[in-house]
1. Go through (1) within 30 Å of Asn23 (Cβ to Cβ); (2) open to solvent by less than 50 Å² (accessible area, probe 1.4 Å); (3) of a type in the set (D, E, K, R) one by one and return the number of the condition Glu61 breaks.
2. Open to solvent by 30 Å² or more (accessible area, probe 1.4 Å), more than 28 Å from Arg148 (Cα to Cα) and at pLDDT below 95: is that true of Leu68 in this structure?
3. Going through the stretch 99-133 one residue at a time, which ones are free of Cβ contacts under 8 Å to residues at least 40 places away in the same chain, closer than 19 Å to Gly144 by Cα and assigned to a helix (DSSP H, G or I)?
4. Given the criterion at pLDDT 95 or above, of a type in the set (A, V, I, L, M, F, W, C) and closer than 30 Å to Gln146 by Cβ, identify the matching residue among Val182, Val212.
5. Need a quick list: strands (runs of 3 or more DSSP E) entirely within the stretch 12-98 having at least 1 residues that are without any contact (Cβ under 8 Å) to a residue 60 or more places away in the chain and within 16 Å of ligand 2 (Cβ to nearest atom).
6. Report yes if Tyr124 is more than 16 Å from ligand 1 (Cβ to nearest atom) and buried (at least 19 other Cβ atoms within 10 Å of the Cβ), otherwise no.
Amino acid sequence: MSKVMVQLKDVNKWYGDFHVLKNVNLTVTEGEKIVIAGPSGSGKSTLIRCINGLEHHQTGELTVNGVLLNNNLKHLEQIRHNVGMVFQHFNLFPHLTVLENLTLGQIWVLKKRKQDAIDLALKYLERVKIADQAYKYPGQLSGGQQQRVAIARSLCMSPKVMLFDEPTSALDPEMVKEVLDVMVELAEQERITMLCVTHEMGFAQRVADSVVFMDQGMIIEQTAPDEFFRQPKTERGQQFLAQIL
Ligand code: ADP
Ligand code: MG
């Protein structure tokens, strides 16, 4: 049996009166790649944000690498160390160079020596095929390049789990492929556990172990990608697929 990396048991969350996550159960083992799909407003971002404690769930249990996410700040810190996140909008620091964006967290959070931080940053910039941009500022890069920097920045923190929230949906169409290629490579090379909100079906089919389909705050089904794209188990899954195809 593989080690359980992320586990949600009967997780519920409300925004005021609005029940946004309803009895969510999900187990993700180490190295597993999960794609989360579903209509806009179904709770995908909220679910992802709960996993690294950016949002708080009110009931149920959420663990990452065996650490329970609760009010204990030590736990939150451990979980944040283990979990990297890549957003739709890249969230780079605009006043820092690409290289400084990649070394900042390593130096201040992981307390690494500057030269070690730079070496690792350059390694990951190489990996996302952008080493020649190290001394530029984010604003001087294309959207696709900025998103690849954001992915490299996350990797520099050596996370066990990477969360992606629609990483390609803010990009011009011609830049989607360069970011997906990097993500596919990452999925194929790294032992890393990935949860990725995306409607990129090619990506899902290539790398996902399963597709989690959400609707109205619930996980409606979890299905292997081939099967999901051929014939979702549920009617809601079928309706959703008909809309995105
Ligand atoms: P998705 O990522 O699937 O589009 P979200 O998780 O962003 O869905 O949002 C789920 C629902 O929760 C939506 O109806 C959204 O309007 C609502 N919501 C999201 N964030 C907040 C918030 N901070 N306060 C109140 N409602 C929110
Ligand atoms: Mg969202």
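1. Failed condition: (2).
2. When the stated conditions are applied, Leu68 does not pass them.
3. Taking the stretch 99-133 and keeping what is free of Cβ contacts under 8 Å to residues at least 40 places away in the same chain, we get 99-100, 104, 107-108, 111-126, 130-133.
From what's left, closer than 19 Å to Gly144 by Cα: 99-100, 121-126, 130-133.
Correct list: Leu99, Glu100, Ala121, Leu122, Lys123, Tyr124, Leu125, Glu126, Ala131, Asp132, Gln133.
4. Result of the check over Val182, Val212: Val212.
5. Once the strands (runs of 3 or more DSSP E) in the stretch 12-98 are filtered for at least 1 residues that are without any contact (Cβ under 8 Å) to a residue 60 or more places away in the chain and within 16 Å of ligand 2 (Cβ to nearest atom), what remains is 18-29.
6. Numbers: more than 16 Å from ligand 1 (Cβ to nearest atom): yes; buried (at least 19 other Cβ atoms within 10 Å of the Cβ): yes.
When the stated conditions are applied, Tyr124 passes them.
The values are calculated or read from the model by the stated rules, or taken from the named source; none is laboratory data. All values reported here derive from a predicted model rather than from experimental measurement. With ideal geometry, Cβ positions are generated from the backbone for all residues, glycine too; neighbour counts draw on all protein chains shown. Each accessible area value is taken on the protein alone, full model and side chains, heavy atoms only, with ligands, DNA and RNA left out. Shrake-Rupley method; radii C 1.70, N 1.55, O 1.52, S 1.80 Å.
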